[in-house]
Structures are given as structure tokens and as C-alpha cells.
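To keep things clear, I will list the structure first and then write my remarks on it.
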Amino acid sequence: MSLPASTSGLTATLHRSISEIDPTVWDGLKGDDNPFNSHAFLDALEETGCVGEDSGWVPHHLSLTDDEGTVRGVMPLYLKHHSMGEYVFDHSWAQAYERAGGRYYPKLLSASPFTPVTGARLLSPDREVRAALIRTAVQICEINRLSSFHINFPTADEWALMGDEGLLMRQDQQFWWTNKGYRTFDDFLSALSANRRKVIRRERRDVQAALTLNIHTGTDITEAHLDHLHAFIEDTYDRKWGSPYLTRDFFSLITERMRDRIVLVFAYDGDQPVAGAINYRGNDTLYGRQWGARVEVPFLHFEVCYYQAIDYAIAHGLKRVEAGTQGEHKISRGYLPHRVYSAHYIRDRALRAPVAHYLKQERPAVEAQMAEYEAELSPFRKTDQT
């Protein structure tokens, strides 16, 4: 793709693989402990074929370099040939544009592939460089006549800057659990209404009467665990969505590189693993990601993905559990709504205007729905609710 000559005196380069960028430079610029925007995670996706030409996620990572050859900022960037694996839904925009004779794909996307987790997308400590990353990506979109440029799940500060730079601003919600200084799971339950305490205890009791739950971390994780995990995920995807995005090789490579950040929750029937979930750990957050099961046990999903994560977070002093996207059923388990963001540049004004109008109406609707969830569905006693 063609590039602008320079932006804010910085030279832009597109990298067809993140391996072209020094890991210490990338991670030194990113400024947070989020595992999903790390060089190791993004490189593992490329090295194991989860992203690339065949998957429709074609890496075009952006770097900005000053006159002395110092990389001042980087952005994870992909040329996308579809809208799958993003968790910010623009399918209706694409359909409308193509019905009108436009070509929506390929589009430009800054995100962590297959990962609806908030994290830095504009990797630089310098606000002006972060703004230059936005402007450069917009110019790439214009020069190459791409339909659009999107940034999914940026931080709140980045989102505000994207608005300042003229991008269309979109808001959605996820359901997160917050640790309010609980010492035990029972401490957490004590903050809930009597009925919700009773329900959660019954759900946990029923699962734990049928199966044994174990946590595997660090050097305890074996290739056999990863074989089972991928099989669980593959089986669940086959029944619900089709093929999983992540390959078996990915789990081996990411465990090799980030073993101390991975938390596996497995359910056993005797000695046989029958269900499992993979979580990643940041300094203060546990991020729930993929899960699967080969058995039908009532409430098993809640135990493996939600309650065990809460147990782990309390035991390790973590502040939050982010359990992925969607799922109103999480609210009654103590996971309350939190804002998440995306930002969008639409090149064609004929599409930009209706999208802007839609987003202007969508944002207050999301806020109203969050308030309604808090008021009507929260399991917390009123004195304990935030």
C-alpha cells in the first residue's frame, strides 16, 4: 500500500510482519501490561497462521520514525477482508455500502485479533505521536481508497483523542467483575442479595458434586493440557459457530512465551478432563478468553468461566475479571456493565453520514441500557452497589 510522505515530521513504515519490529521497541512503547497488545502475543498469532493472507487478517503494522531513526510510535494494524473475529459489529454498514455499489472490503483495522479486550492501540508515550498514528492511518485509507479505518477496544484516553482527530465514536458495554477488597468468595457473596447468594451457592454445589475443578498455571501446564483445551474449544465452536480462530500450534507457542500469564481452569470427571477455559493474567486483571466442554452439566460454564475466575482473582489480589464480550447472564453472577469503545473513519461521505447518525443515536441507548441493567438486574445489595 502507498504511504504519506510524512506526518508531523515522522516517517511512516508499514510492516507485513510484526517480527520486522524489535520486540523491546514495541513493548517499550506500549505502556501497559495488557498481554494482548504485546509483541509476543501478536507475533504468535502470525507465526502459527491464525492471522495472515489465508485468514483475511493481513498484517500491516504501522511505525513512525524520527529523523534520527528512532521509532517513536507503533500501531497494530491489519488489512481486513471481512468483519469476523472483531466483536465490534459493522456488518450492516458493509451490506448497506455494497448494496449501494460501494466496496467495503478490504478495510483497515487496528485491534488485537479475536480479542475483545480494552488495551492501548496507539503505542507511544507522546500524545502528538499518538495523534500522528491516527492521522497516518487515515491518510493511508485515503491514498489507497480503502472504505474505512477502524480502531477496536482502545483505552478511554485514546478514544477521546480519536474523537479530537475527527473519528466517529462508538460505545458498547462488557460485563466485568470488580474486587472490592474481598478476602474470600464468601465475602463476595455477602455483598449480594440473599436470593443471589442462594442461587450461586446452589450452582457451584451442583457442579462440584459432579466434577472436580483444578487450576493449572506456569510449569504445571503441559502439552496434554493444551491438547485437551483445544479439543474442548474446537468441539464447542463446531456446535455453535464453526471452526475456531486459534490453531492448536498457537496454544503451544503462547504458553512457551507467556507461561506465567496463563491460567487454565479444568473440570475433571475422575481423572478425565471434560471441560476447560484459558485465562490470561495482567498485573491487576484476569482476562477470560476461550472455553469448551465435552459434557452437558448444568451451570458448568458459570463455574469454569466465572466463579473460578473470581476465586482466583480474590486469592491473588487482582482488581478485576474481564470475562469477554456480550452475555447479560453474567450480571446476576456479579459481572456489571462497563464501557468499551471503538472509533471509525469512513472515507465515503455517502456512508459516513448515515453511520455518524446511527452512532449518535446508539451511544445514549447504550448508556440507558447500562443504567437499566444496574438498576434492575444487579445482584448486589443496594449498600454494596457501585
Under a plain spin-label model, where a point goes 7 Å from the Cα along Cα-to-Cβ, how far apart in nm are HIS15 and VAL58?
1.9 nm
For LYS180, list the aspartates and glutamates whose Cα falls under 14 Å from its own Cα; do not include residues on the same chain fewer than 8 positions away.
ASP284, ASP311, ASP384
Residue-by-residue Karplus 3J(HN,Hα) for region 288-301, coefficients 6.51, -1.76, 1.60, Hz, glycine and proline x
x, 10, 7, 8, x, 8, 10, 10, 9, 10, x, 6, 4, 4
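Tell me, what is the percent relative contact order of the chain, built from C-alpha pairs under 8 Å that lie six or more residues apart?
Values: 709 pairs, mean separation 76.1, N = 386.
After rounding, I find 20 percent.
Mind checking the full-extension length gain between GLU142 and LEU359? Use 0.36 nm per residue of separation minus the Cα-Cα distance, one decimal, nm.
Working: separation 217, 0.36 × 217 = 78.12 nm, distance 2.19 nm.
Fully extending the segment from GLU142 to LEU359 adds 75.9 nm.
Suppose the chain between GLN272 and MET84 were pulled fully straight at 0.36 nm per residue; how much longer would it get relative to their current alpha carbon spacing?
On the way: separation 188, 0.36 × 188 = 67.68 nm, distance 3.36 nm.
Contour length minus Cα-Cα distance gives 64.3 nm.
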Binned at 5 Å starting from 0, the alpha-carbon pair-distance distribution of region 44-150 in whole percents comes out as 2, 12, 20, 22, 20, 14, 7, 3, 1, 0
Quick one: if the Förster radius is 45 Å, what FRET efficiency do HIS316 and GLU98 give, using the C-beta to C-beta distance and rounding to 0.05?
0.40
Using a 1.4 Å probe, how large is the accessible area of MET1, given in Å² and rounded to the nearest 10?
90 Å²
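Quick check: net charge around ILE215, other residues with Cβ under 12 Å of its Cβ, Lys/Arg +1 and Asp/Glu -1?
Values: positive: ARG281; negative: ASP220, ASP311.
Neighbour charge sum, excluding ILE215 itself: -1.
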Once amide H atoms are placed 1.01 Å from N in the peptide plane, what residues at a sequence separation of 5 or more from HIS60, or on another chain, have their amide H within under 5 Å of its amide H?
LEU77, TYR78, LEU79
Loop only per DSSP, at most 14 neighbouring Cβ atoms within 10 Å: give me the trypsin sites (Lys or Arg not before Pro) in region 129-162, ordered by residue number.
ARG145
What order do GLU374, GLU47 take when sorted by accessible area (1.4 Å probe), most exposed first?
GLU47, GLU374
Karplus-derived 3J(HN,Hα) from phi for region 194-209 (6.51 cos²θ - 1.76 cosθ + 1.60, θ = phi - 60°), whole Hz, x at Gly and Pro, runs 4, 5, 5, 4, 4, 5, 5, 4, 5, 4, 5, 4, 5, 5, 6, 6
For region 10-152 the mean separation of alpha carbon contacts under 8 Å (6+ apart) over residue count, i.e. relative contact order in percent, is 26 percent
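222 nm [θ] for the chain, helices only, -39500 (n - 2.57) per DSSP H run of 4+, per residue, to 500? Spell out each step's value before the answer.
Values: 11 runs with 140 residues, N = 386.
Rounded to the nearest 500, it is -11500 deg cm²/dmol.
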Name the lysines eligible as straight-distance cross-link partners of LYS107: C-alpha to C-alpha under 28 Å, and not fewer than 8 places from it in the same chain.
LYS30, LYS80, LYS240, LYS360
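Where a ≥ b ≥ c are the square roots of the eigenvalues of the C-alpha gyration tensor, would you call region 207-295 rounded, which needs a/c under 1.5, or, failing that, prolate if a/b is larger than b/c, or oblate? Show your work: numbers first, answer last.
Working: a/c = 1.57, a/b = 1.13, b/c = 1.38.
It comes out oblate by the Cα gyration axes.
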Could you state the number of Å between the C-alpha centres of region 166-224 and region 344-386?
25 Å
Take the Cβ-Cβ distance between ASP126 and ALA209 as r, set R0 to 51 Å, and report the resulting FRET efficiency rounded to the nearest 0.05.
0.35
To the nearest 10 square angstrom, how much accessible area does TYR78 have with a 1.4 angstrom probe?
0 Å²
Determine ³J(HN,Hα), in whole Hz, for all residues of region 71-78 in sequence, where each value follows from phi through the Karplus function 6.51 cos²θ - 1.76 cosθ + 1.60 and θ = phi - 60°; x replaces Gly and Pro.
6, 9, x, 9, 9, x, 8, 9
Using a 1.4 Å probe and ignoring any ligands, DNA or RNA, find the accessible area of PHE302 and quote it in Å² to the nearest 10.
40 Å²
Aspartates and glutamates with Cα under 12 Å of LYS382, excluding same-chain neighbours fewer than 8 positions away:
GLU374
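Once the piece of chain linking GLN369 and ARG248 is laid out straight, how much longer is it, given 0.36 nm per residue of separation minus the C-alpha distance between them? Can you show the working numbers first?
Details: separation 121, 0.36 × 121 = 43.56 nm, distance 3.81 nm.
Additional length available on full extension: 39.8 nm.
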Can you sort SER83, SER193, SER2 by 1.4 Å-probe accessible area, starting with the largest?
SER2, SER193, SER83
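The values are calculated or read from the model by the stated rules, or taken from the named source; none is laboratory data. Here the structure is a predicted model, which means the values were calculated and not measured. Note that each Cβ is placed from the backbone with ideal geometry, even for glycine, and that neighbours are counted across all protein chains shown. To get the accessible areas, we keep the full protein, side chains included, count just its heavy atoms, and leave off ligands, DNA and RNA. Shrake-Rupley method; radii C 1.70, N 1.55, O 1.52, S 1.80 Å.
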